[in-house]
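Q: Please see the structure below; I have some questions.
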Amino acid sequence: MEEFELLSLSHIIVIAICILFVIFFPKFFLNKNKETINLLIKILVFLIFFHQFFDFYREVYISGGSWKGALPFHLCDLSAISIAIYFLTKNRLFFSFAFFWGIAGGGMSILTPDTVYGFPSIDYLSNQYGHTLTLLGISISIILLKERPYIKDIFRIFGFTTLILILIYGINHLLGSPANYWFLIEKPYGDNLMIFFPNEPFHIFSLYPIALISCFIVYAPYFLHDRFSNRL
């Protein structure tokens, strides 16, 4: 099995399939009744939680990893759980968390998976599948439930994220190796943007401003839409 390569043809094809599916699949349900949409959401919630359990099982019992590094504490895991909780509660806080960190973090994880091997390794496929589920949930929220973020959500989510970051940093040290949630202890493996960051632990100081910038980039389409709509 070949090691993961960022520009391999198979990886580019998988990315294209994931993105097209996330964008266009919800549109097939635009004219469906409320019961059908609710059924779609229930299935998605089940798939998200099932993947969380399967991912833990895969990493610990199939791959032989430690349970300490397999708990659902990564930012992408929390984003997936957040969009599922949003569907169950309709609490906008969970949508906002999933929107900003699910798109920024999940999108980056699809583009640059934290896996040693590429397609068709189970680690690679699980990574792409899990993050696609999160992005699909966000897409369904926007397209079918007419949800959207607001600029005030950026500061609220970033405040909550800062508090959670402190908690996650403590959990990493409490559990010890190989716990590396949010990649606060060590940078992720593979080809990804963090190879350009300073060595650990100074990479954390680079992550913080980039995370805030990422939130504004993710929100930019809504900002431009609102600005130009008001001028018309």
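What follows is calculated from the coordinates using simple rules that are stated; it is not laboratory data. Model, not experiment: these values are computed from the prediction. Here Cβ is always computed from backbone atoms with ideal geometry, including for glycine, and neighbour counts include all displayed protein chains.
Q: Full extension from Ile217 to Arg58: what is 0.36 nm times the residue separation minus their Cα-Cα distance, to one decimal in nm?
A: Extending this stretch completely gives an extra 53.9 nm.
Q: Quick one: Cα centre-to-centre distance for the stretch 41-107 and the stretch 117-168, in angstrom?
A: Here the two parts' Cα centres lie 8 Å apart.
Q: Could I ask something else about it? What percent do you get for the relative contact order of the chain when only Cα pairs under 8 Å and 6+ apart count?
A: Contact order relative to length: 25 percent.
Q: Run through every distinct alpha carbon pair of the stretch 1-91 and return the Kirkwood hydrodynamic radius in angstroms, one decimal place.
A: Mean inverse Cα-Cα distance, inverted, gives 15.8 Å.
Q: Which of the GluC sites (Glu not before Pro) across the stretch 4-73 are loop residues per DSSP, with 16 or fewer other Cβ within 10 Å?
A: Details: sites: Glu5, Glu35, Glu59; in loops: Glu5.
Sparse-neighbourhood loop GluC sites (Glu not before Pro): Glu5.
Q: While we're looking at this one, here's another question. So how compact is the chain: Cα radius of gyration and Dmax in angstrom?
A: Using the Cα atoms of the chain, the pair Rg, Dmax is 17.9, 59 Å.
Q: Run the numbers for Ile171 and Phe25: contour at 0.36 nm per residue of separation, minus the present Cα-Cα distance, in nm.
A: 48.8 nm is the gain from fully extending Ile171 to Phe25.
Q: Just to confirm the filter: which chymotrypsin sites (Phe, Trp or Tyr not before Pro) across the stretch 113-188 are DSSP coil and have at most 15 other Cβ within 10 angstrom of their Cβ?
A: Answer in residue order: Tyr150.
Q: Please list, ordered by chain and number, the residues whose modelled amide H lies under 5 Å from the amide H of Tyr117; skip anything fewer than 5 residues away on the same chain.
A: Distant-sequence amide H within range of Tyr117: Phe4.
Q: Here is a follow-up. For the chain, what is the number of Lys pairs with C-alpha distance below 27 angstrom, counting only pairs 8 or more positions apart or on separate chains?
A: Value for the chain: 14.
Q: To the nearest 20 debye, what charge dipole does the chain have about its Cα centre, counting +1 at the Cβ of each Lys and Arg and -1 at the Cβ of each Asp and Glu? Numbers along the way, then the final one.
A: Values: 15 positive and 15 negative charges, 260 e Å.
So the dipole magnitude of the chain works out to roughly 1260 debye.
Q: Next up: Roughly how tilted is helix 34-57, in degrees to the nearest 10 and between 0 and 90, from the longest Cα axis of the chain?
A: With both axes taken from Cα atoms, the answer is about 0 degrees.
Q: Multiplying the sequence separation of Ile143 and Val116 by 0.36 nm and subtracting their Cα-Cα distance, what value in nm do you get?
A: 6.2 nm
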